[in-house]
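Engineer: Questions regarding the structure given below will be posed in turn.
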Amino acid sequence: MNYKKEEKELKIAEKSGGISESVQIPIGKASVKQMIDAGFYADKTPYINKLFKDDGTYFFFIRPRRFGKSLLLDTIDQIAKGNKALFKGCAIYEDKTYKWEKYPVIWLNFSELAKDNPTELKKSLNRKLYDIAELFELHDKINISVEEACEDYLKRVINLLNKLAGSVF
């Protein structure tokens with residue numbers, strides 16, 4: 001490769017306004033709104049639309065560290081909240097079959113939970129699930145014990161959110 005030629009072309013592009021040094025890549029940002037506003041959003045909405053159409057399936061997203069998992073989840077969250085205006089210019093916005101219904105979203109960030117031992121993790125997870133129930137004003141409909149099995153409590157929260165989704169969302 002001829003690096004001197006490439007360097008010369010970059011200098012010419014910079015002088016002509018083709019390159020702006022004021023553009024900052026939003027490293028470490030997990031907000032789809034910030035990424036779209038900055039012009040760095042790679043449109044993943046066609047895939048998310050397929051996820052939403054695949055009713056009743058569970059998905060496990062695994063990617064390397066710093067590879068956009070939080071951004072993808074924030075994108076799913078914003079779509080599930082019915083934030084159509086945010087996605088103007090994206091594939092899902094243009095898709096006439098997508099209904100833009102609102103759905104409740106449960107965020108579980110395990111990095112925020114106590115992980116010293118299994119008992120503390122279970123208690124911490126149950127407290128987080130209770131906080132989610134409280135957020136959706138379901139806490140008075142659920143009796144919770146921090147000793148209770150997490151999966152049973154999660155099922156109850158999801159079932160109540162499904163009932164709520166039918167009447168509110």
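Engineer: Exactly which chymotrypsin sites (Phe, Trp or Tyr not before Pro) in the range 48-78 are in a DSSP loop and have at most 12 other Cβ atoms within 10 Å? Don't skip to the end; give the middle numbers.
Structural biologist: Working: sites: 52, 58, 59, 60, 61, 67; in loops: 58, 59, 60, 61, 67.
Answer by residue number: 58, 59, 60, 61, 67.
Engineer: Here is a further query. May I ask you to list the GluC sites (Glu not before Pro) in the range 90-152 that are in a DSSP loop and have at most 14 other Cβ atoms within 10 Å of their Cβ?
Structural biologist: Within the range 90-152, the qualifying GluC sites (Glu not before Pro) (loop, at most 14 other Cβ atoms within 10 Å) are 101, 137, 147.
Engineer: Next question, about the same structure. Suppose the chain between residue 84 and residue 55 were pulled fully straight at 0.36 nm per residue; how much longer would it get relative to their current alpha carbon spacing?
Structural biologist: Roughly 8.4 nm would be gained on extension.
Engineer: So how much slack lies between residue 69 and residue 40, counting 0.36 nm per residue of separation and subtracting their Cα-Cα distance, in nm?
Structural biologist: Fully extending the segment from residue 69 to residue 40 adds 8.9 nm.
Engineer: Each residue of the range 137-142 in turn: what ³J(HN,Hα) in whole Hz from Karplus with 6.51, -1.76, 1.60 and θ = phi - 60°, glycine and Pro shown as x?
Structural biologist: Values per residue, Gly and Pro as x: 6, 10, 4, 6, 9, 10 Hz.
Engineer: Starting from the 7 Å offset along Cα-to-Cβ, what nm value, one decimal, do you get for the label separation of residue 158 and residue 120?
Structural biologist: According to this spin-label approximation, the distance is 2.8 nm.
Engineer: Starting from the range 33-68, pick out the trypsin sites (Lys or Arg not before Pro) whose DSSP state is loop and whose Cβ has at most 15 other Cβ atoms within 10 Å.
Structural biologist: 65, 66
Where a number appears in this text, it was derived from the coordinates with a stated rule and is not lab data. Not measured: the values here are computed from a predicted model. Every residue, glycine among them, receives a Cβ derived from its backbone with ideal geometry; neighbour counts consider all protein chains shown.
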